[in-house]
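Here the structure comes first, spelled out in structure tokens, and everything after it is commentary.
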Amino acid sequence: MTTPKVGAAVSRRRFLVSGGAALVLPHLITGCATARKPPSQQIVVGVVGCGGQGTNNTNDFLGHADCQIVAACDVDKNHLNKVVGVVNNHYKNKDCKGYHDFRDLLARTDIDAVMIAVPDHWHELVAVEAARRKKDIYGEKPLARTIAEQQAIVRAVRRHGRIWQTGSWQRSSGSFHKAAEIVRNGLIGKITRVEVGLPDGYGNASQNAAYMMPSDPPPELDYNTWIGPSKMMLYVGARIHGNWRWNYNTGGGQLMDWVGHHCDIAHWGCGFDNSGPLEIEGHGEFPPVDAVWNTSTKYRVELKYPDDIAMTMAGGYKEIRGGAKWIGTDGWVWVDRAGFEASNQEWRDMKELPESERKIKLIHSTNHIRNFLDSVKSRQPTITPVETAHHSTIPGHLGLISMLVGRKLKWDAQEELILDDPEASALLTRPYRPPWTLG
């Protein structure tokens with residue numbers, strides 16, 4: 001493990017500050033002469049971002065009869081045409097319209113809700129505009145590329161009274177729900193330590209060796225718009241679709257790609273959905289700043305929370321097991337997509353916490369998109385509202401900033417400020433490439 005020196009950290013900071021998925025909308029009732037049903041009966045949805053995650057989410061929305069997708073948007077014509085075709089084939093019509101500019105899609109007054117699955121550097125711009133246009137939003141994690149962008153999203157969603165669901169779908173899985181309720185109800189005693197294990201390295205690295213050199217963008221991709229508010233960089237095939245995650249100009253590496261999953265669950269069990277750490281110290285290993293992929297390949301973040309709770313969030317360290325583990329004075333619980341384990345055999349065997357033990361009852365959901373659609377109708381909060389997504393992701397952002405400046409940070413969770421460190425505070429935001437501006 002290597003710790004960036006202060007001099008190297010300043011270089012990385014200068015690099016950072018200088019420097020898709022589909023939107024699914026509920027479909028209108030077919031036929032101009034047919035009156036549109038209200039959202040309480042039929043939710044009209046739009047899709048912004050038609051890449052891998054956007055396509056998956058689109059297919060999931062198509063599985064619910066009380067919503068209908070009428071529009072999709074992407075700056076890659078191949079991705080866009082594929083999703084439009086999937087939607088129209090599902091409905092056996094040609095009603096789903098494709099858009100190049102997300103603002104044109106969001107300007108449609110017939111759309112009730114949108115699904116946003118674009119690269120991280122676009123989250124804030126699309127989400128704020130969607131909220132301003134009075135759309136309810138299913139938005140992918142992490143909430144945004146910086147804490148300042150996340151704050152802008154939270155403000156917009158609150159100001160315009162929108163329903164928000166974050167794609168942190170593990171909350172709608174039974175094993176994660178059971179684990180969080182066990183911890184929240186005190187069965188492991190007082191929480192003393194939390195371990196959050198995330199992936200390291202880069203996904204699909206071996207498949208991209210032939211695409212690491214600059215080239216002309218393919219004709220189907222509007223690369224200038226794809227880069228959007230980020231620093232303009234030469235087109236490199238291995239830096240776009242899916243792999244935008246591995247360059248800090250557009251993504252945040254494995255740390256930020258997964259913090260909205262396992263750290264989100266860790267917070268859920270601790271009751272930190274509207275709280276945050278007090279101190280953060282991160283160490284990481286980085287490629288050269290000018291590498292095609294430059295996000296941290298191995299990292300470890302130590303955090304101190306209220307009530308003397310310590311958390312370690314790490315990728316690439318064998319002693320920190322993937323998933324979330326809570327350790328208390330009377331036992332422990334670990335959960336991951338691979339399974340559930342606990343110090344008490346009875347906890348392992350039961351499907352859910354018995355009613356007699358559930359003094360604190362967490363929101364229950366068995367389908368993340370179903371939960372969103374139900375909330376659009378009821379106007380009640382989803383299982384992963386915007387404030388939750390914001391607080392679940394902050395530890396990752398602060399851990400990264402600590403790695404970049406090479407020192408421990410103190411965080412005021414109430415005011416959302418880094419204390420007494422102007423250099424680190426500057427990394428709470430990024431400059432936007434004109435004409436784009438932070439909302």
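Fully extending the segment from ALA65 to SER356, taken as 0.36 nm per residue of separation minus the present Cα-Cα distance, adds 101.1 nm.
Restriction of the trypsin sites (Lys or Arg not before Pro) in region 270-337 to DSSP coil positions whose beta-carbon has at most 16 other beta-carbons within 10 angstrom yields LYS318, ARG321, ARG337. Taking other residues whose beta carbon is less than 9 angstrom from the beta carbon of GLY98, and scoring Lys, Arg as +1 and Asp, Glu as -1, yields +1.
Pairs from the list LYS304/LYS325; LYS141/LYS231; LYS190/LYS359; LYS231/LYS410; LYS190/LYS325 with a Cα-Cα gap above 24 Å: LYS231/LYS410.
Classify the chain as rounded, prolate or oblate from the Cα gyration tensor: take a ≥ b ≥ c as the square roots of its eigenvalues, call it rounded if a/c is under 1.5, otherwise prolate when a/b beats b/c and oblate if not. It comes out oblate by the Cα gyration axes.
Note on LYS351: aspartates and glutamates with a C-alpha under 17 Å away, same-chain residues under 8 apart excluded, are GLU181, ASP336, GLU341.
Normalised size of region 102-189, defined as Cα radius of gyration per 2.2 N^0.38 Å with N residues, equals 1.30. If you take the Cα centroid of region 69-99 and the Cα centroid of region 174-250, the two points sit 25 Å apart.
Put simply, the Cα atoms of region 182-296 extend 58, 26, 25 Å along their principal axes, the longest span coming first.
Using the Cβ-Cβ distance between GLN345 and ASN367 with R0 set to 35 Å, the FRET efficiency works out to roughly 0.75.
The label-point distance for ASN89 and ALA148, in a model that sets each label 7 Å from Cα toward Cβ, rounds to 4.4 nm. The modelled label-to-label distance between GLN41 and THR429, using points 7 Å beyond Cα along the C-beta direction, is 4.6 nm.
The slack in the chain from ASP110 to ALA205, taken as 0.36 nm per residue of separation less the alpha-carbon distance, amounts to 30.0 nm. Heavy atoms of the protein chains alone define the surface here; on that basis the chain has 40 Å² accessible area per residue at 1.4 Å probe size.
In terms of the Cα gyration tensor, with a ≥ b ≥ c the square roots of its eigenvalues, is region 292-439 rounded because a/c is under 1.5, prolate because a/b exceeds b/c, or oblate? Verdict is oblate for region 292-439. In region 98-140, the C-alpha radius of gyration followed by the widest Cα-Cα span (Dmax) gives 9.5, 27 angstrom.
Shown for the chain: the carbon plus sulfur share of the solvent-accessible area, taken with all protein chains present and a 1.4 angstrom probe, equals 51%.
Compute the signed sum of charges (Lys and Arg +1, Asp and Glu -1) over the other residues within less than 14 Å, Cβ to Cβ, of THR55.
Net local charge, THR55 excluded: -3.
At most 10 other Cβ atoms within 10 Å and a DSSP loop assignment: could you name the GluC sites (Glu not before Pro) in region 259-333 that fit?
Those satisfying the criteria are GLU319.
Can you list the trypsin sites (Lys or Arg not before Pro) in region 387-426 that are in a DSSP coil and have 14 or fewer other beta carbons within 10 angstrom? Write down the numbers at each step before the final one.
Details: sites: ARG407, LYS408, LYS410; in loops: ARG407, LYS408.
Qualifying residues, ordered by number: LYS408.
The values are calculated or read from the model by the stated rules, or taken from the named source; none is laboratory data. Everything numeric here is computed off the predicted structure, so don't read it as measured data. Here Cβ is always computed from backbone atoms with ideal geometry, including for glycine, and neighbour counts include all displayed protein chains. Just so you know, the surface numbers come from the protein's heavy atoms only, side chains and all, with ligands and any DNA or RNA stripped out. Shrake-Rupley method; radii C 1.70, N 1.55, O 1.52, S 1.80 Å.
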